[in-house]
1. Hey, with R₀ at 30 Å, roughly what FRET efficiency would Arg91 and Ala150 work out to, going by the Cβ-Cβ distance, to 0.05?
2. Apply the a/c threshold of 1.5 to the C-alpha gyration tensor of the chain and tell me whether it is rounded, prolate or oblate.
3. In percent, how large is the relative contact order of the chain, given Cα pairs closer than 8 Å and 6 or more residues apart?
4. Suppose every K and R has +1 on its Cβ and every D and E has -1 on its Cβ; what is the size of the dipole of the chain about the Cα centre, in Debye to the nearest 20?
5. Simple spin-label model, 7 Å along Cα-to-Cβ: His125 to Ala139 in nm?
6. How high is the relative contact order of region 35-95, in percent, with contacts defined as C-alpha pairs under 8 Å that are six or more residues apart?
7. Simple spin-label model, 7 Å along Cα-to-Cβ: Asp43 to Ala99 in nm?
8. I'd like the distance between the alpha-carbon centres of region 27-86 and region 98-135, rounded to an integer number of Å.
Amino acid sequence: MTLLITDANVFIDLEEGELLAHLFGIGRRIATPDLLFHDELSDAHGHLVALGLELLVLAPETLLRVQALAARHRRPGRLDLAALAAAEQERCPLVTGDAALRDAASAEGVEVVGTLWVCAEMVRHGTLTVDDLRVAYAAMRRAGRRLPWAEVEAQLRALGRGRA
């Protein structure tokens, strides 16, 4: 099963849309660096581990890589760069909606996907319907999540055309 490394903002997007449980039904292992989890997620999102979130311990050389990435990429925070380094360590995609982190990952040659991709995977794997996704996106919008709303509308139209 393919591994995906995610940063914190995707979990927040999905929680606002009440989609967190669906994330773990897309046929992928989902992980985040343990230090990111403990610093940014454990208080409000500790239940993610029970849902299936794997906590990844970074190898010592990966921790050094975080420092090197911080010297090259000034805008992402160190915890975000830990997610990038984890994706490099595991040779897998990074899931983020953070623009600075996406730019850094692209510059480092790491595949990047975001909240919209994850949501489309949920529909493709049958963990939710297009109508459910439409409701979830509306909740994310009301909560002030910063998604590319024109792309959301295009995605919903495309997914709606694919219905049986």
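1. The calculated FRET efficiency here is 0.40.
2. It comes out prolate by the Cα gyration axes.
3. 28
4. 520
5. Label-label distance for His125 and Ala139, simple model: 1.8 nm.
6. 34
7. For the pair Asp43/Ala99, the computed spacing is 2.7 nm.
8. Rounded to whole Å, the Cα centres lie 17 Å apart.
No value in this document is a laboratory result; all are computed from the given coordinates. Remember, predicted model here, so these are calculated numbers, not experimental data. Because the Cβ atoms are built from the backbone with ideal geometry, glycine has one as well, and the counts that use them run over all protein chains shown.
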